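Engineer: Quick one: this structure, given as structure tokens, is what I'll be asking you about.
The values are calculated or read from the model by the stated rules, or taken from the named source; none is laboratory data. Note that the coordinates shown come from a computational prediction; the quantities given were computed from them, not determined experimentally. Ideal geometry is used to build each Cβ from the backbone, glycine not excepted, and the neighbour counts take in all protein chains shown. Only protein heavy atoms, including side chains, enter the accessible area calculation; ligands, DNA and RNA are left aside. Shrake-Rupley method; radii C 1.70, N 1.55, O 1.52, S 1.80 Å.
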Amino acid sequence: MKNIWVVFKREVQAYFLTPLAYVFIFIFLILSMSLCFVFGRFLEGEDASLDYTFFQFHPWLFMVLGPAIGMRLWSEENREGTIELLLTMPISTWQAIIGKFLAACLVLVSALAMTFPVILTVNYLGDPDGGKIFSGYLGSLLVGSASIALTCLVSAFTRSQVICLVVSVVLCFFLVLIGSPQLLEFLRNIPATGLLETLRLAALEIADGFSLMSHGGRLFGGVLRLDTAVFFAAFISFCLYATSVVIRSKRA
Amino acid sequence: MIEVIRLSKQFGPKLAVDNISFSVAKGEVLGFLGPNGAGKSTTMRMITGFIPPTRGTVTVGGHDIQKAPIQAKAKIGYLPENAPLYSDMTVESFLRFTAELRGITGAAQKSAVNKAIEICFLEKVARQSLDTLSKGFRHRTCLAQSIVHDPEVLILDEPTDGLDPNQKQEVRNLIRRLGATKTVIFSTHILEEVEAVCSRAIIIDQGKVVADGTPDELKRRASRAGAVKVRIRGLAGSGILSELEKLPHAVSVETIESGDSLFVGRVFPKKSAIDGTLAGEIYQFAAGRQLQLQELAVDEGRLDEMFREITVQVRS
Ligand SMILES: Nc1ncnc2c1ncn2[C@@H]1O[C@H](COP(=O)(O)OP(=O)(O)OP(=O)(O)O)[C@@H](O)[C@H]1O
Ligand SMILES: [Mg+2]
């Protein structure tokens, strides 16, 4: 625990004592607010709910911004050689991984916290459902941390932040896209019979089951389900575990 | 303190470290020598637990680095090759971070960091950001990191690389001082350094240990070690040469200069006579024949010579 905390502290310093975290938070705020007010037709909306006007855009933002925060986690260690220092300290690899992951998540949490004007506005305009807003934030946080966890895994493979960014964005894009309502709709409407029908159903099932968008979307809509929790917990743990495997096998 | 047993490391088709065994006791300073790519850094990385060995075991202070890595690593201070650092930190915050990872907190941390800064002469740059430091200062900061927790074992990969002559001297003194109470392994390409600080040296070539001994023992392995350089006047060179060859403990004689009444050359002793016996015989010979002995010097052997001979021999 203590070791996680020490690594966490150092990484948080690396984010917040350099412009990195502020640039990220600034970009996230600009984009999420403008999407909310311009495309979400936030002010014209009938109800005071935020799921379609605000949270719905977050997976698309985190698809790029998650990798942007996470790309330095291990690729920087690989490039500078500091991984040799870190991993010869009396700490375990998983402690280092979790410390780093949590630090990146803190940047995400700070960014989400800075969106509080949106909450103030809906409260001013109407009488929003507090539980739904909470679950929306939870969903957004989970989608964001999932993309950071995936980026953490990718960054363990490479010493180049750029490669890590590009690969992670592509992977996250894919994971968001397969659950987008448009794609699911398309899959549902393909006319097919026999084997193709089974394939179509399987694809639908997989797309829905693995997408950050579908699982996040449920939370945005205020639906708290066990399988959503299991999905995010499993996704993040898998990515972090795989990171340790990659880090170990790279040196073997 | 450190036991390395039949250690090997395979990188794809390349056997970088090939069945190395040695042990280092407390109070020993072991120098690691060898040509570029010999496997010195790879061996050190396995000892510090950074890379797992393909075969073999390493124990540090009784703890197997594979089976009990945390306990073993806690005993080690390590300076990796090229002295990597987190360049977004300052010297002080970096040292505080490494001390904290070593479990040193509060007031103890403050004094440990200050002491390391003092020992490595970093006072002037303590608050400077690491990415603005010069190479030597970066190296010293990383060295400070390795001693901040006063470890029992120090593994230093080229600790004097990139330092100015004064600092090289300081680091040598430091290693010697620490070596009295700790176990130190350090690698270097500077052979004088080995003579100056090591109590023992190991030469590695192509992944194998090709020599292991005290610097004096190793020096004596040079082919010229024990050879007696002479300069004798008073007889034709060829005559002196044939007389020298007849000496009981001489094996061969190498001529450097030979004239009407001068001979300069080197007399090589038999294996049993690398002490002063041969020199004595030469003196007696010259005195007996009333020759003028102008020079008589026993070659101590030189490390660089021995190093070249040993590492070239392996090649062929
Ligand atoms: N990660 C790796 N993958 C593949 N080969 C490697 C790896 N690390 C080292 N090697 C190879 O292993 C051999 C030993 O390298 P090592 O760095 O231990 O040499 P060294 O003795 O430290 O040399 P130098 O004096 O140049 O520092 C080299 O041939 C090197 O190319
Ligand atoms: Mg090396």
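Engineer: Based on what the data block shows, is B:GLY56 more than 12 Å from ligand 1 (Cβ to nearest atom) and over 28 Å from B:VAL171 (Cα atoms)?
Structural biologist: yes
Engineer: Shifting gears a bit: Output the residues belonging to the stretch B:24-45 that are small (Gly, Ala, Ser) and either within 15 Å of B:SER8 (Cβ to Cβ) or near ligand 2 (Cβ under 10 Å from one of its atoms) (or both).
Structural biologist: Those that are small (Gly, Ala, Ser) and either within 15 Å of B:SER8 (Cβ to Cβ) or near ligand 2 (Cβ under 10 Å from one of its atoms) (or both): B:GLY34, B:GLY37, B:ALA38, B:GLY39, B:SER41.
Conditions (1) open to solvent by 30 Å² or more (accessible area, probe 1.4 Å); (2) closer than 16 Å to B:PHE186 by Cβ, marked per residue:
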{"site": "B:VAL29", "(1), (2)": "no, yes"}
{"site": "B:THR43", "(1), (2)": "no, yes"}
{"site": "B:PRO53", "(1), (2)": "no, no"}
{"site": "B:THR57", "(1), (2)": "yes, no"}
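Engineer: Turning to a different aspect of this structure: Against the definition (surrounded by fewer than 16 Cβ atoms within 10 Å (Cβ to Cβ) and either touching a residue at least 24 places away in the same chain (Cβ under 8 Å) or of a type in the set (A, V, I, L, M) (or both)), how does A:LEU240 come out, yes or no? Explain how you work it out, then say what you get.
Structural biologist: Values: surrounded by fewer than 16 Cβ atoms within 10 Å (Cβ to Cβ): no; either touching a residue at least 24 places away in the same chain (Cβ under 8 Å) or of a type in the set (A, V, I, L, M) (or both): yes.
When the stated conditions are applied, A:LEU240 does not pass them.
Engineer: Same structure again: Tell me which residues, restricted to the stretch B:5-23, are touching a strand residue (DSSP E or B) at 6+ places or on another chain (Cβ under 6 Å) and within 15 Å of ligand 2 (Cβ to nearest atom).
Structural biologist: Result: B:LYS9, B:ALA16, B:VAL17, B:ILE20.
Engineer: Need the failing condition index for B:ALA236 against (1) more than 16 Å from ligand 2 (Cβ to nearest atom); (2) in the same structural domain as B:GLY37 (by TED's automatic domain parsing); (3) of a type outside the set (S, T, N, Q), just the number.
Structural biologist: It is condition (2) that B:ALA236 fails.
Residue-by-condition table, conditions (1) modelled with pLDDT under 85; (2) of a type in the set (A, V, I, L, M, F, W, C):
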site: B:ILE240; (1), (2): no, yes
site: B:THR277; (1), (2): yes, no
site: B:GLY280; (1), (2): no, no
site: B:ALA286; (1), (2): no, yes
site: B:ASP299; (1), (2): yes, no
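The rows are residues; the columns are (1) of a type in the set (Gly, Ala, Ser); (2) at pLDDT below 90; (3) away from ligand 2 (no atom under 16 Å from the Cβ); (4) within 22 Å of B:ASN114 (Cα to Cα).
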residue: B:ASP150; (1), (2), (3), (4): no, no, yes, yes
residue: B:LEU154; (1), (2), (3), (4): no, no, yes, yes
residue: B:ASP164; (1), (2), (3), (4): no, no, yes, no
residue: B:LYS168; (1), (2), (3), (4): no, no, yes, yes
residue: B:ILE185; (1), (2), (3), (4): no, no, no, no
residue: B:CYS198; (1), (2), (3), (4): no, no, yes, no
residue: B:GLN206; (1), (2), (3), (4): no, no, no, no
residue: B:ALA227; (1), (2), (3), (4): yes, yes, yes, no
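Engineer: Which of the numbered conditions does B:THR48 fail, given that it passes all the others? Conditions: (1) open to solvent by less than 10 Å² (accessible area, probe 1.4 Å); (2) more than 30 Å from B:VAL210 (Cα to Cα).
Structural biologist: Here B:THR48 clears every test but (2).
Engineer: Can B:LEU296 be described as in contact with a Pro (Cβ under 9 Å, 6 or more places away or on another chain) and either among the hydrophobic types (A, V, I, L, M, F, W, C) or closer than 20 Å to B:ALA211 by Cα (or both)?
Structural biologist: no
Engineer: In the list B:ALA180, B:ALA225, which residue meets the criterion of being touching a Gly at 6+ places or on another chain (Cβ under 8 Å), within 30 Å of B:GLN290 (Cα to Cα) and either surrounded by fewer than 17 Cβ atoms within 10 Å (Cβ to Cβ) or among the small types (Gly, Ala, Ser) (or both)?
Structural biologist: Details: B:ALA180 fails: within 30 Å of B:GLN290 (Cα to Cα).
Going through B:ALA180, B:ALA225 in turn, just one is touching a Gly at 6+ places or on another chain (Cβ under 8 Å), within 30 Å of B:GLN290 (Cα to Cα) and either surrounded by fewer than 17 Cβ atoms within 10 Å (Cβ to Cβ) or among the small types (Gly, Ala, Ser) (or both): B:ALA225.
Engineer: Something else now. Only one of B:SER187, B:SER129 is of a type in the set (Ser, Thr, Tyr) and within 16 Å of ligand 1 (Cβ to nearest atom). Can you tell me which?
Structural biologist: It is B:SER187.
Residue-wise test of (1) within 16 Å of ligand 1 (Cβ to nearest atom); (2) acidic (Asp, Glu); (3) surrounded by fewer than 22 Cβ atoms within 10 Å (Cβ to Cβ).
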position	(1), (2), (3)
B:GLU192	no, yes, yes
B:LYS208	yes, no, yes
B:LEU218	no, no, no
B:LYS229	no, no, yes
B:PRO248	no, no, yes
B:GLY259	no, no, yes
B:GLY276	no, no, yes
B:TYR283	no, no, yes
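Engineer: For the list (1) away from ligand 1 (no atom under 16 Å from the Cβ); (2) at positive phi; (3) open to solvent by 60 Å² or more (accessible area, probe 1.4 Å), I need the number of the one condition that B:GLN169 fails.
Structural biologist: Result: B:GLN169 passes all but (2).
Engineer: What helices (runs of 4 or more DSSP H) lie completely within the stretch A:81-195 and have 2 or more residues being within 14 Å of another protein chain (Cβ to nearest Cβ)?
Structural biologist: In the stretch A:81-195, the matching helices (runs of 4 or more DSSP H) lie at A:83-86, A:93-113.
Engineer: Another question, if that's okay. With respect to B:THR98, is the statement that it is open to solvent by less than 40 Å² (accessible area, probe 1.4 Å), within 26 Å of A:VAL245 (Cα to Cα), more than 16 Å from ligand 2 (Cβ to nearest atom) and not basic (Lys, Arg) true?
Structural biologist: The answer is yes for B:THR98.
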